[in-house]
Amino acid sequence: MAIKKKNKPTWIEVKRNIKDFNKDQLLDLIGDLYRLSADNKEFFHTRFSLGEDPLESYRRIIQDALHPYLEENEILDIGRAEDAIERYSKAIDDIKGETELMVFFVECGNKFTLSYGDIDDDFYDSVLLVYEKAIQNVTELPPEEQKLFKERLHEIMESASGIGWGYYDGLHALYYETFPGDH
């Protein structure tokens, strides 16, 4: 006799179970989720702008992950920095804040290389991918909000002129393909 495989529960099933909750039941459920993990607390604090400026706390995570103090045996952790941007984006719909974190990410990665020398192609591929996403976000901002980001992106590109692994060439191509009039 074959054993029937049970499907994994989905959001639709969860939603069906909570749709008839009253206000107190929903608040209890949200409270349970809040207390469940530090990530959930961070999500709620960011979503509702509670405590310190959410961008500042995510900047610290990115700074610590992408420009660690190697003499204190901290490690470079690009995944942790990428995860910080993703968590911020899921918690709050703020393209300007997301762009700020992306540009800061690339600035930190660039500074790390300038401080400690060339890394490897995986590192540069990751930084270039975030640079590309940041540029895309900048194009979606109102023109008056683009100027400062474009200046920072251009400065990153210029400061990377001596870095190998095709990194500078990638930054250069991405920047000028998107902003051809900035030559």
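Details
- Region 44-183: relative contact order as a whole-number percent, Cα under 8 Å and 6+ apart: 21
- For region 96-171, fraction of C-alpha pairs farther apart than 17 Å, in %: 37
- Listed peptides 7-15, 20-28, 44-52 by packing density, highest first (mean Cβ within 10 Å): 44-52, 20-28, 7-15
- Portion, in percent, of the accessible area of the chain that falls on carbon or sulfur, probe 1.4 Å: 53
- Positive-end residue, the chain charge dipole about Cα centroid, Cβ charges, pick of ILE62, ASN7, LEU50: ASN7
- Between 0 and 90°, nearest 10: helix 54-66 axis offset from the chain longest Cα axis: 60
- Of ASN40, LEU76, LEU27, farthest towards positive along the dipole that unit charges on Lys, Arg, Asp, Glu beta carbons give the chain: LEU27
- Surface analysis of the chain yields an accessible area of 65 Å² per residue, using protein heavy atoms and a 1.4 Å probe.
- One way to sum up the overall shape of the chain is the equivalent ellipsoid from its Cα gyration tensor, whose semi-axes run 38, 20, 18 Å, largest first.
- Per-selection metrics, region 23-98 (Cα): Rg and Dmax in Å: 14.8, 52
- Net charge over other residues, Cβ less than 15 angstrom from the Cβ of ARG35 (K, R count +1; D, E count -1): -3
- Histogram of C-alpha separations across region 13-65, 5 Å bin width, %: 4, 17, 18, 19, 17, 8, 8, 6, 2
- Relative to the Cα centre, the charge distribution of region 28-162, modelled as +1 at Lys and Arg Cβ and -1 at Asp and Glu Cβ, gives a dipole magnitude of about 360 debye.
The values are calculated or read from the model by the stated rules, or taken from the named source; none is laboratory data. Computed from a predicted model, the values in this text were never measured in an experiment. Counting neighbours? That spans all protein chains shown, and the Cβs are built from the backbone with ideal geometry, glycine included. Just so you know, the surface numbers come from the protein's heavy atoms only, side chains and all, with ligands and any DNA or RNA stripped out. Shrake-Rupley method; radii C 1.70, N 1.55, O 1.52, S 1.80 Å.
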